[in-house]
Structure formats: C-alpha cells, structure tokens
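The values are calculated or read from the model by the stated rules, or taken from the named source; none is laboratory data. The structure displayed is predicted, hence computed values, not measured ones. Virtual Cβ from ideal backbone geometry, glycine too; neighbours counted across all protein chains shown.
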There are 2 protein chains.
Amino acid sequence: MERELLLLGLLRQGEMHGYQLHDFIERNLAFCTDLKKPTAYALLERMAARGWVTVQEVREGHRPPRRVYRLTSEGEAVFQRLLRDNLARFEAAKTGSDVGLAFVDALPRAEALRLLEQRRAALTEQLAAFQSAPTHAGSYQLLIDHQLHYLRSELAWLDDVLARMRAGRLRLVSPRSTPKPKSKEASP
Amino acid sequence: MERELLLLGLLRQGEMHGYQLHDFIERNLAFCTDLKKPTAYALLERMAARGWVTVQEVREGHRPPRRVYRLTSEGEAVFQRLLRDNLARFEAAKTGSDVGLAFVDALPRAEALRLLEQRRAALTEQLAAFQSAPTHAGSYQLLIDHQLHYLRSELAWLDDVLARMRAGRLRLVSPRSTPKPKSKEASP
DNA sequence: TTTTCCATGTAACTCGTTACATGATTTC
DNA sequence: GAAATCATGTAACGAGTTACATGGAAAA
C-alpha cells in the first residue's frame, strides 16, 4: 500500500496526470520507491475505480488527452488511514545483497578485501550524489536526511569490516572441516 | 540471483534436501531473505536442471522421499561468480516504508509524535530480539552484526527526528498554501 | 488423541516488469 | 531533420505467494 499512499499524498497537493506523477517520482523519489510507468497508470486507474480519485480528460492539441486525477474526500480518508498505519509500523529493510557476506570466507582474504573495496567505492559514490543534492523545503527533506544517515551508517559498518579483515581480527570458520551437517543443527 | 547464491552457499557445506534448506533459511536468515517453501523447491529444481547441483532421492519409511541436493563443480563455479559479483556491488535498500515520512506534516504534531513513538517501540523490540540472540561462529555472525548496526542506526535517526519534532525544530511546509502545482516544478 | 512436524509438491493467482505501439511536439 | 519529450496505453511474461493436497511420524 505504500505506492498508493505515495500517489494519494502527491495528489493531495493538487491535481496531476499520470505522466506527471510518474515523472516526479522517478526524478525525486527513485531512491525510496521505484514505480514503473505502466504500474503507475494501472494503480491510478484502480484508485479511480475505487473512488479514491476522480479522473478528468483534458485534451490539448492532438496528443493523447491527459488524464488528470483529483483526490476525493474518500481518497483523503484512505490517505489518512494509510499514513497513520505507515508511520506507526517499522519494517526492517531486507537488503538481500547481504547474503554474500555470509560466504566471504570462501574467498582468499586478499580478494575479499579487493571486492569489498569495490563495494565501498560504489557506496561512497552514492553518498556523494546525495550530499551534493540541494536542500529541499518541507518534510521531503526528511527522506533525504534519512537516506544520508543510512548511507553513512552503511559506510561506517563496511569500514569496520574492512579494518577487521585487514587486521586479521575477523574470526572465520575457515579450515574446511566438512562437517557433513545431516543433523538438525544450525550455524553454517 | 541472491537466492541461488544463498542456496549454493549452503549446499557448499554439504548435501541437503529442500525441506532442510528452507527450514534453515527460515529459522536463521529470515531477517535478510525471505524465501517461501514452493519458491525454494522450484529454485532447487531449476538449479538441478541447469546442472549446478545433482539430485538424489533418498527414501526412508513411508514418507515422501527426500530429494538430496549436492553441489557440482559447475555449481561451485557459479557460486564463485555470484559471490564475487555480490560482494563487489552495493545496493541501497529501498525501505518503501519511508514514504509516509514525506507526509508527516499532514497530521497534527501531537499525533505524528504518538505514531512515531509506536514505530520506535516496534524498532526497539526487533533490536532487543537481535541483541539477545546467541553469538555464532563464522561469517554468519557478520550478518547479525550488520543487522544490529543497521537497527541501532535506524533507532538513532528516529530518536533524532522525534527530538526535533518535540522541540518544534522540524521545518515543515505546513501553512496549507495550496499552490495549485500545474506547472512542471518539483518539491512537494 | 489431537496437534505439530516431516517432506514433497501443484494450481491459481497477484503483482510488477519488459517490450512494444502510437503519434504529436518540442528541442538540438 | 533527427532526437528526445510528452502522453497514453496493451500484451506477454516472469517471479513469487497463497492455498491446497497428501500422508506418515513424532510429540503433547
């Protein structure tokens, strides 16, 4: 429901058509949601079918008419509900890209270091992009602050891992015990 | 490809059947991947079809025979490739649940505070769960360390936001200017 | 004795993406 | 004159989930 929360929230500030909404999201919110064009259009149509928004076709020249969406009071109610729900809940992000770390010990230390330094470079690059972005007004800035905070935290952690690996202080299970884990135990 | 990386990595330590693999992931890795049973089975079959693993049916009693998977050398090669790729890359996690924060200014300050405190409670609960978990050997511990680091960082950030909101130091766009943003501009 | 666990799977479905189609219009 | 932008959409596909089915074994 985050996607509809987002769309409703944007429509709250004024009527917009699909292209506009998608474009705005892609330009400014790509780092927290990613919503493709067909998905956006379909979502908007569904919201219209549910009465959360109204549609008005505005034709201008010979291009496909803009379908301009406007929030209804029902839509506003839904927005309020979704917003409260969203704010009260915490969902830890599942990176998924973490999985590899569980297996670093499969590589020679030197190579693992080299690869993680590549990772670090990618991270600092993203961080730099956010740091150079202009400050915005409104609570949208909160999102950017959060992302900055998150990226810095990731960098700090990665640096810590790198330092520990360089110092050889990372206890890995290595010596290839091949324990034939047919039993019901844990810890790989 | 993270899912296959994970499965291959686990199979690297020894042969296992589907139920075992799924069970292990669900118990120990739920916080970073979530992989349902039918998905796991299907993935394993596909990996077998591609020659990354071999299957051997082991029947025992009158239950459905275990399908025991074993890594092939080709599978090992794929594992190595996926692992290097994974370690070198950094993908910022998209929480999605952040979206709501862009709209906090739609609620009265007091209520926003109340809701974010609920969020904080949920977060500390998850944190507590991880802090009380036993220490593991091997690089699996890295994942847990990372998660702890991440959750603490989120908590710190949330506390900062709460503090700023309480002090009224959070500049929100509030006063309902209703700017009718029909033009091509940004920043809601 | 009833529930939970073991161990597999299928079928239907939802969600979202990719690739494609259209055609005027503005920009280089 | 070519390329990007505006503005909509459809169709096919893929990945993953849910709900269901089976049936013995162990545990409560």
Quiz item: Given the structure, is A:Ser73 of a type in the set (Ser, Thr, Tyr) and loosely packed, with under 15 Cβ neighbours inside 10 Å?
Solution: yes
Quiz item: Which of (1) assigned by TED's automatic domain parsing to the domain that holds B:Glu15; (2) in contact with a Cys (Cβ under 8 Å, 6 or more places away or on another chain) is the odd one out, the single condition B:Thr54 does not satisfy?
Solution: (2)
Quiz item: When you go through A:Leu107, A:Leu115 one by one, which is the residue that is modelled with pLDDT of 95 or more and buried (at least 19 other Cβ atoms within 10 Å of the Cβ)?
Solution: A:Leu115
Self-check item: Boolean, A:Leu87 is buried (at least 18 other Cβ atoms within 10 Å of the Cβ), more than 26 Å from B:Arg89 (Cβ to Cβ), within 10 Å of chain B (Cβ to nearest Cβ) and touching a Phe, Trp or Tyr at 6+ places or on another chain (Cβ under 7 Å)
Solution: no
Quiz prompt | Hits in the range A:26-76 (condition: under 15 Å from A:Glu15 (Cβ atoms), near DNA strand D (Cβ under 10 Å from one of its atoms) and hydroxyl-bearing (Ser, Thr, Tyr)) | solution = A:Tyr69
Quiz item: From A:Leu35, A:Leu5, which residue is closer than 21 Å to A:Ile144 by Cα and assigned to a helix (DSSP H, G or I)?
Solution: A:Leu5
Self-check item: First in the range A:36-53 and in contact (Cβ under 8 Å) with a residue 24 or more places away in the chain, second anywhere and of a type in the set (S, T, N, Q), Cβ under 9 Å, 6 or more apart
Solution: A:Gly51/A:Thr72; A:Trp52/A:Thr72; A:Val53/A:Thr72
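Per-residue answers, yes or no, for (1) of a type outside the set (Lys, Arg); (2) within 30 Å of A:Gln131 (Cβ to Cβ); (3) within 16 Å of DNA strand C (Cβ to nearest atom):
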site: A:Glu4; (1), (2), (3): yes, no, yes
site: A:Ile25; (1), (2), (3): yes, yes, yes
site: A:Cys32; (1), (2), (3): yes, yes, yes
site: A:Leu35; (1), (2), (3): yes, yes, yes
site: A:Arg50; (1), (2), (3): no, no, yes
site: A:Ala77; (1), (2), (3): yes, no, no
site: A:Arg109; (1), (2), (3): no, no, no
site: A:Ala112; (1), (2), (3): yes, yes, no
Exercise. Residues being at the interface with chain B (Cβ under 7 Å from one of its Cβ atoms) and of a type in the set (Lys, Arg): count how many of those fall in the range A:90-124.
Key: 2
Quiz item: Which of the residues belonging to the range A:5-59 are acidic (Asp, Glu) and facing chain B (nearest Cβ under 10 Å)?
Solution: A:Glu15, A:Asp23, A:Asp34
